[in-house]
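Beneath this line is the structure, given in structure tokens, with notes to follow.
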Amino acid sequence: MKLYPLLKNRFYILSVVCVAMFSCKQNANQDLKINTESVIDYTAKVYPLLDTENSRWFFFSSANRPFGMVNLSPDTQIGGAWGSGYRFKTDTIKGFSHIHAWQMSGVSVMPVTVSEENKSNIFKDFYSKFSHNKEKITPGFHSLELERYQIETKLTSTKRVGLHQYNFPENKKAAILFNLNTILGPCENSNGVLEQNNKNELSGHLVMEPTHRRPKPLTVYFKVKLNTEIDALEKDEETGNYLVSLKEDKKSVLMKVGISYTSVENANLNINEELPNWGFNQIVNDSKEEWNALLGRIAVKGNSEQAQRRFYTDLWHALQGRRIINDANGAYPDNTGAEFRIGQLPLDENGKPKFNHFNSDSFWGAQWTINTLWGIAYPEIMADFAHSLMQYYKDGGLVPRGPSGGNYTYVMTGASSTPFMVSAIQKGIITEDLEGIYKALKKNHMLNGIMGKAGYEHDTNLGGGLKYYIENGYVPYPIPDGDFGGHQDGASMTMEYAYQDWTLAQLAKKLNHNDDYNYFIKRSNNYKNVFDAESTWMRPKNLAGVWKEDFDPYQAENGFIESNGAQSTWFVPHDLEGLATLMGGNDRAVEKLNQQFKTAQEIGFTAGNSHSQELHPEYSRIPVNYGNQPSMQTAFVFNKLGRNDLTQYWSRAVVDKAFSGLDPTTGYNGDEDQGLMGSLAVLMKIGLFQMNGGTETNPEYQIGSPIFDEVTIQLNPDYYSNKTFSIKAHNNSDANVYVSKVSLNNKPIENYSISHQDLLNGGELILEMSNVFK
């Protein structure tokens, strides 16, 4: 039985042209339903410069497609995973690189002009100043001027091919420098080789050296095609850089760079499949159409222009970061075994891959973000990722929580892919080989599975403390075996494992594995073993069962991962009623959390405006932090404790303070993590949330307080009903944050929630807004 459904790629779009679809099946017949009532350029609403001063190597995007293997953009900082890539306040371009991915980088190029004055030093001195005044960035396109050389540079791409246009000045010798042996973002590029194949083609490869997080090297191969002839190819032995001098017959030069992680031949195939012609403007338009097709799945009306721009910027971030690693023919790098091998994805009747394979940062926090957003508006994307995760299992024996370079990285902790997979199944997105999926996920939750590994723990299964969790009902802090990986924070791990066990139990129940269901449900109660009734906080304890002495619930990373005890105490998404009981009842729990929000509001609900500030004393003691994943569900906790008014009030307040600005210096206030915080912002702004990640039977959506007057979601008919679902907030305003009345298709809703099936049936959710809760 096949795991994957045969997708037809029929989407509702707000465009009157045929667009390139997300999947690599873009050449298949497409049955598109066209809405000609309004044609909106959603890409014009996106603000790509958001938070670029706090940039991370994989954060910034410009000349790329959704989830593209190529993520072509300029680099102003090139060293380190953090504070690298494109940083807004740095005024020097150091190259245009094609790979900005989780623990991966490569193929940096720089157009230059060569003269008698600089030719002896051009291999090592080639950076150039630039000005934002002569820069244009939209999804799929980036242009700027290199002031040193007076070269106008334009960039765009397909999924696997970068397309450059360089307008060189008159009477200057045009050349392109390939910086193939360098520190680039998170890793070193080494053994870079460039060879000339004919008068206008080159090919090459380089090795992305291992990092602390990605333990094995990976080679990237590339093919270069120019629309002008090559005059000379020179290599500098000191730097390892190559200089491609061009003949002087053209001053407007086009260059294609196709990449592959399997071979030069496949890099060339990727060019032939995706970019056989030279129409730069056509590729820019194709990219815009593809982005618009996806951004247009959620149409919003009302509020301010800035609010809409920020919304589509959030949605844009939710649709990238995680990168395709397979070629157009389905070949992909498999680094999960003792030896590197080239894998092959299954093909459809047209010879196209049935799904894509991905490089991805962690799914840690995905239960409150992409689980819900992709599950509503982009089920085909969720399906692709589910198939990819299972391909890793077939190759390497584990479902990953953050793969890179075709291998496991063991980023963060737990089995964070389990809620993602279970949610895809419960929503009907994945329907086949459920027993095989269950077997794979269960393996991750048992000894020698991924749950037993702490962050980046490549060689042992001790750092996750899973044997203690199974035997004693909690992960001790410290773990007595020693320090084997990052994030060995026992209280957090206990709570995370308990939630993930609950989600796996839901799949066991669906498949009638009753003994397993009872076993994992029992384990899901382990969170109670790290609750200290005296202090009313979650609290770490050692192997002997002794609570950590001098415990301070506001001390960061004091038994809690990237958080403090106050923030993480509420990480019980599967049993908030049980947590409230431990605290003395709903009223006490509500009072406690409400006070935390009041305190957090004083500094804007975030621990500074970047991830690096979270441990600073003035920020680390915040009781609710919407700049990172551990406590980003807390505004919706009130809904589960009978205080819908407080969910509505505080979710609006968080959006206003943390997720409303349009500025290069802030935006996600910490760690965006490849669409997680962007997705969260989208969900809070449309007023839908899933506390347990959508993992129960017929998953439930909790209703919040949407910031827009109307939200229309186009449902993908290949997975869901051929309808739209809309949310209309009557009398909405900044003051009217409370939902006084709810109806779905003219039927009253009393509990501020709807089911997944309700959403799929389409229709209208009507919210009557007020400045008081009635």
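Some points to look at:
- Options ASN746, ASN732; residue that is in the same structural domain as ILE429 (by TED's automatic domain parsing) and in contact (Cβ under 8 Å) with a residue 60 or more places away in the chain: ASN732
- Considering (1) under 23 Å from ARG309 (Cα atoms); (2) modelled with pLDDT under 95; (3) of a type outside the set (Asp, Glu), the lone condition that LYS25 does not fulfil carries the number (1).
- Restricting segment 564-592 to residues that are among the aliphatic types (A, V, I, L, M) and out of contact with any Leu (no Cβ under 8 Å at 6 or more places or on another chain), the residue that is surrounded by the fewest Cβ atoms within 10 Å (Cβ to Cβ) is LEU582.
- Among the residues making up segment 363-383, those that are part of a loop (DSSP other than H, G, I, E, B) and touching a Gly at 6+ places or on another chain (Cβ under 9 Å) are PHE363, TRP364, THR369.
- Qualifying position, being touching a strand residue (DSSP E or B) at 6+ places or on another chain (Cβ under 8 Å) and aliphatic (A, V, I, L, M), among VAL530, VAL572: VAL530
- Selection status of ILE470, farther than 17 Å from ASP575 by Cα and in a helix (DSSP H, G or I): yes
- Residues satisfying the stated conditions in segment 77-135, i.e. assigned to a loop (DSSP other than H, G, I, E, B), closer than 26 Å to GLU234 by Cα and not polar (S, T, N, Q): ILE78, LYS94, GLU116, GLU117, LYS119, ILE122, PHE123, LYS124, ASP125, PHE126, TYR127
- Taken as a whole, the condition of being surrounded by 15 or more Cβ atoms within 10 Å (Cβ to Cβ), modelled with pLDDT of 95 or more and on the phi > 0 side of the Ramachandran plot does not apply to GLY545.
- Listed conditions (1) basic (Lys, Arg); (2) in contact (Cβ under 8 Å) with a residue 12 or more places away in the chain; (3) surrounded by fewer than 17 Cβ atoms within 10 Å (Cβ to Cβ) are all met by LYS598, apart from (2).
- Any hit, segment 662-685, residues being of a type in the set (Lys, Arg) and in contact with a Pro (Cβ under 8 Å, 6 or more places away or on another chain): yes
- Condition met for HIS357 (buried (at least 21 other Cβ atoms within 10 Å of the Cβ) and either in the same structural domain as GLY258 (by TED's automatic domain parsing) or closer than 16 Å to TYR393 by Cβ (or both)): yes
- Close pairs from segment 40-52: first more than 12 Å from ASP314 (Cβ to Cβ), partner in a loop (DSSP other than H, G, I, E, B) and aliphatic (A, V, I, L, M), Cβ under 6 Å, at least 6 apart: ILE40/LEU14
- Filtered residues of segment 51-103 (kept if more than 25 Å from TYR149 (Cα to Cα) and either charged (D, E, K, R) or more than 17 Å from the chain's Cα centre (by Cα) (or both)): ASP51, GLU53, ARG56, ARG65, GLY80, GLY83
- Of all the criteria given as (1) in a helix (DSSP H, G or I); (2) touching a helix residue (DSSP H, G or I) at 6+ places or on another chain (Cβ under 7 Å); (3) not hydrophobic (A, V, I, L, M, F, W, C), the one not satisfied by LYS439 is (2).
- When THR413, THR418 are screened for being over 30 Å from ILE703 (Cβ atoms), in the same structural domain as MET691 (by TED's automatic domain parsing), surrounded by 24 or more Cβ atoms within 10 Å (Cβ to Cβ) and touching an Asp or Glu at 6+ places or on another chain (Cβ under 9 Å), only THR413 passes.
- Here the strands (runs of 3 or more DSSP E) wholly within segment 190-239 that include at least 3 residues being closer than 16 Å to ILE259 by Cβ and either β-branched (Val, Ile, Thr) or under 31 Å from the mean Cα position of the chain (by Cα) (or both) are 201-208, 218-226.
Residue-wise test of (1) outside the structural domain of TYR527 (by TED's automatic domain parsing); (2) among the aromatic types (Phe, Trp, Tyr); (3) in a loop (DSSP other than H, G, I, E, B).
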{"position": "LEU447", "(1), (2), (3)": "no, no, yes"}
{"position": "THR460", "(1), (2), (3)": "no, no, yes"}
{"position": "GLY463", "(1), (2), (3)": "no, no, yes"}
{"position": "TYR477", "(1), (2), (3)": "no, yes, yes"}
{"position": "THR494", "(1), (2), (3)": "no, no, no"}
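- Sole exception among (1) in a loop (DSSP other than H, G, I, E, B); (2) surrounded by fewer than 24 Cβ atoms within 10 Å (Cβ to Cβ); (3) of a type outside the set (Asp, Glu) for PRO66, by number: (2)
- Residues that are more than 15 Å from ILE324 (Cα to Cα) and either without any contact (Cβ under 8 Å) to a residue 12 or more places away in the chain or in a loop (DSSP other than H, G, I, E, B) (or both), drawn from segment 384-411: LYS394, GLY397, LEU398, VAL399, PRO400, ARG401, TYR408, THR409, TYR410, VAL411
- GLY545 vs. criteria outside any helix (DSSP H, G or I), touching a Gly at 6+ places or on another chain (Cβ under 9 Å), small (Gly, Ala, Ser) and in the same structural domain as VAL399 (by TED's automatic domain parsing): no
- Comparison of PRO717, PRO706 shows that the only residue that is surrounded by 18 or more Cβ atoms within 10 Å (Cβ to Cβ), in a loop (DSSP other than H, G, I, E, B) and either in contact (Cβ under 8 Å) with a residue 60 or more places away in the chain or touching a Leu at 6+ places or on another chain (Cβ under 8 Å) (or both) is PRO706.
Table: residues versus (1) of a type in the set (D, E, K, R); (2) closer than 22 Å to ASN771 by Cβ; (3) assigned to a helix (DSSP H, G or I).
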{"site": "GLY627", "(1), (2), (3)": "no, no, no"}
{"site": "GLN648", "(1), (2), (3)": "no, yes, yes"}
{"site": "ASP673", "(1), (2), (3)": "yes, no, no"}
{"site": "ALA681", "(1), (2), (3)": "no, no, yes"}
{"site": "LYS685", "(1), (2), (3)": "yes, yes, yes"}
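- One residue from LEU447, LEU504 being among the hydrophobic types (A, V, I, L, M, F, W, C) and surrounded by fewer than 23 Cβ atoms within 10 Å (Cβ to Cβ): LEU447
- All positions within segment 526-551 that are under 20 Å from HIS574 (Cα atoms) and touching a residue at least 24 places away in the same chain (Cβ under 8 Å): ASN526, TYR527, LYS528, ASN529, VAL530, PHE531, ALA533, THR536, TRP537, MET538, ARG539
- Taking the listed residues GLY482, GLY436, GLY486, the one that is of a type outside the set (Val, Ile, Thr), assigned by TED's automatic domain parsing to the domain that holds PRO717, surrounded by fewer than 23 Cβ atoms within 10 Å (Cβ to Cβ) and on the phi > 0 side of the Ramachandran plot is GLY482, with no other qualifying.
- Within segment 601-619, residues that are among the basic types (Lys, Arg) have Cβ atoms under 8 Å from residues that are surrounded by fewer than 22 Cβ atoms within 10 Å (Cβ to Cβ) in no pair, counting only partners at least 6 apart in sequence or on another chain.
- In segment 157-168, the residues that are of a type in the set (S, T, N, Q), assigned to a strand (DSSP E or B) and closer than 22 Å to GLU265 by Cα: SER157
The values are calculated or read from the model by the stated rules, or taken from the named source; none is laboratory data. Note that the coordinates shown come from a computational prediction; the quantities given were computed from them, not determined experimentally. Don't worry about glycine lacking a Cβ; one is built from the backbone with ideal geometry, like all the others, and counts go over all protein chains shown.
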